[in-house]
Amino acid sequence: MKRNQFSLFLLFLVFIIGCKTANEEKFESLNTPFLESAFEKFKEPAITHRRFRHADLQPLIQKHQNSFQITELGKSVEGRSITSLDWGKGSTKVMLWSQMHGNESTATMALFDLFNFLEASGDEYDSLRNLLKTSLSLKFIPMINPDGAEVFQRRNALDIDLNRDAISQISPEAVILKNARDSFEPEFGFNLHDQQVYYNVVNTAKQATISVLAPAYNYETEINEVRGRAMKTIVGMNRLLQELIPGQVGKYDDAFEPRAFGDNIQKWGTSTILIESGGYVGDAEKQYIRKLNFLIILNALHQIATQSYEQHSIDEYFAIPDNDLQLVDLIIKEMQVEVEGKKFPVDLAIRRRENNADSTFYVTGNVEDLGDMQVYFGFEEIDATGLSFKEGKVFEQEFENLAAISSEEAIELLRQGYLGVKIKNGKPGDLHQLPILILQSKKDFNFGWKTGSSPNFFLAEGDLLKYAIVNGYLIDLENPKEQVLKQRVF
């Protein structure tokens, strides 16, 4: 080779190496605005809320058939298909599965956003896509429990918790997941769940919006290379989350559960990362938490592709605070209750649980605990010092139907001491958003202040009614605020 040609060849090599180095530096640490812009651009518009069914996902799966390898892995108890979508041609295998519990759908939404991102091209994200595609082989299994998703319940059609069926494999869905793991042999796995909105970061009032865990593989909760990789990857994910939801990331309990998939997949040699999507104020449909899932999964995939998780320490993982279950919807402090002619000041902790109603839900309030509730944190809290528990009444006159009652009329009835009204036409189970109890088949309503009671009562200052507690909702009778109430006819 002539000197000039050799010089040109060297310059070309320097250019190629320089481009590669620049590319690696560019994606060594994905910045948050870059990831957020990707989510906004590729968010799947067909999914707008967290309650969807197997049939809703099938056209969304098929629209990716040109970019992903789509395989039916088997069928659920009730015969619904369970499908995997494979993408990438790299040497490091990663498997992600969601909705093992049918009512835990947040990550499923994020996976479909991610599918849109991965199959796109011709934009500022191409370098990242190319890195992922050449480094990783990805297998996605959205909605492992389609029968549970059909009725938005945790368990499958056999009433089995799939996350307690990794060993016995009674359920066909458990067999499918185990076979997928064994045939694919992923180096990394993502176990994607939702947790109760009442989880908080321990000893703080902050919701654990995202909880993370590198599950244990034995009772001693030892750390080997496999589990250590998962821990280090979680550290990188947490750094991103602290920019977006500072103080709202918890570490899930790592007690070994010998029947659980996450624990066993870790044991079988796959570095497993659990993501639990909790609650975030004002995000009832978990659309912001969906975004967080997209961001941290993409962040984690990049870490795995570049092995940049190795820069993190296991000590940083253990520095993530634990989560706890100290949140309630409403705390009433120092309410006076009368027993045997004597008055006692008690705190009440109230939660409102969701109940399925076709494609939506209603809530049922419940007194969770009472006494000294200082270890709990309420989304709402009221100091009821000087206020007493007072029973409510049912309005004597019947209304024709739900439409015959306005919110303003309901508030006025509350001010007069009526917690319930009756309607002629309608049926039990009909849904409404009125700030009062609606009775159709019942003549009266349940109420009380003891544990397990339905929280339907007034807080009164002498004879003056100050607040109404309606199915666990707090209503200020002097200054009622607008709020979304999810109630049903009794």
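The values are calculated or read from the model by the stated rules, or taken from the named source; none is laboratory data. Computed from a prediction, not measured in an experiment: that's the story for all the values here. Counting neighbours? That spans all protein chains shown, and the Cβs are built from the backbone with ideal geometry, glycine included. Accessible surface is based on the protein model in full, side chains and every heavy atom, while ligands, DNA and RNA are left aside. Shrake-Rupley method; radii C 1.70, N 1.55, O 1.52, S 1.80 Å.
List of remarks:
- Qualifying residue in segment 217-228 (condition: closer than 25 Å to Gln326 by Cβ and free of Cβ contacts under 8 Å to residues at least 60 places away in the same chain): yes
- Total residues in segment 327-343, condition over 32 Å from the mean Cα position of the chain (by Cα) and crowded, with 19+ Cβ neighbours inside 10 Å: 1
- Selection from segment 370-387 of residues that are more than 23 Å from Gly282 (Cβ to Cβ) and surrounded by fewer than 17 Cβ atoms within 10 Å (Cβ to Cβ): Gly371, Asp372, Gln374, Val375, Asp383, Thr385, Gly386
- The strands (runs of 3 or more DSSP E) found wholly in segment 398-490 and carrying at least 2 residues that are under 17 Å from Val367 (Cβ atoms) and open to solvent by less than 50 Å² (accessible area, probe 1.4 Å) occupy 457-461, 464-470, 473-476.
- In the set (1) closer than 14 Å to Met143 by Cβ; (2) crowded, with 22+ Cβ neighbours inside 10 Å, the condition left unmet by Val94 is number (1).
- Of all residue pairs spaced 6 or more apart or on separate chains, those with beta-carbon atoms under 6 Å, a first member in segment 357-378 that is farther than 19 Å from Asn471 by Cβ and a second member that is open to solvent by 60 Å² or more (accessible area, probe 1.4 Å) and assigned to a loop (DSSP other than H, G, I, E, B) are Phe377/Ala205.
- Any hit, segment 361-374, residues being among the aromatic types (Phe, Trp, Tyr) and over 33 Å from the mean Cα position of the chain (by Cα): no
- Selected residue (only one of Val346, Val363, Val394 is open to solvent by less than 50 Å² (accessible area, probe 1.4 Å) and under 15 Å from Leu459 (Cα atoms)): Val346
- Residue in segment 162-176 that is surrounded by the fewest Cβ atoms within 10 Å (Cβ to Cβ), counting only those that are touching a residue at least 24 places away in the same chain (Cβ under 8 Å) and over 25 Å from Ile297 (Cα atoms): Ser168
- Boolean, Gly426 is under 24 Å from Phe344 (Cβ atoms) and out of contact with any His (no Cβ under 6 Å at 6 or more places or on another chain): no
- A residue that is at pLDDT 95 or above, over 30 Å from Ile223 (Cα atoms) and surrounded by 19 or more Cβ atoms within 10 Å (Cβ to Cβ) cannot be found anywhere in segment 311-326.
- Restricting attention to segment 130-183 and to residues that are basic (Lys, Arg) and within 20 Å of Asn356 (Cα to Cα), the residue that is nearest to the chain's Cα centre (by Cα) turns out to be Arg154.
- Residue match in segment 381-388 (condition: assigned to a strand (DSSP E or B) and at positive phi): no
- Selection status of Arg181, open to solvent by 10 Å² or more (accessible area, probe 1.4 Å), under 14 Å from Phe261 (Cβ atoms) and charged (D, E, K, R): yes
One line per residue, one yes/no per condition, for (1) under 22 Å from Gly278 (Cα atoms); (2) open to solvent by less than 20 Å² (accessible area, probe 1.4 Å); (3) out of contact with any Ser or Thr (no Cβ under 8 Å at 6 or more places or on another chain):
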site	(1), (2), (3)
Glu78	no, no, yes
Met109	yes, yes, yes
Pro142	yes, yes, no
Pro146	yes, yes, no
Glu150	yes, no, yes
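- Look at segment 248-259: where a residue is closer than 15 Å to Glu276 by Cβ and of a type outside the set (Lys, Arg) and a partner is assigned to a loop (DSSP other than H, G, I, E, B) and open to solvent by 50 Å² or more (accessible area, probe 1.4 Å), sitting 6+ places away or on another chain with Cβ atoms under 6 Å, you get Gln248/Lys206.
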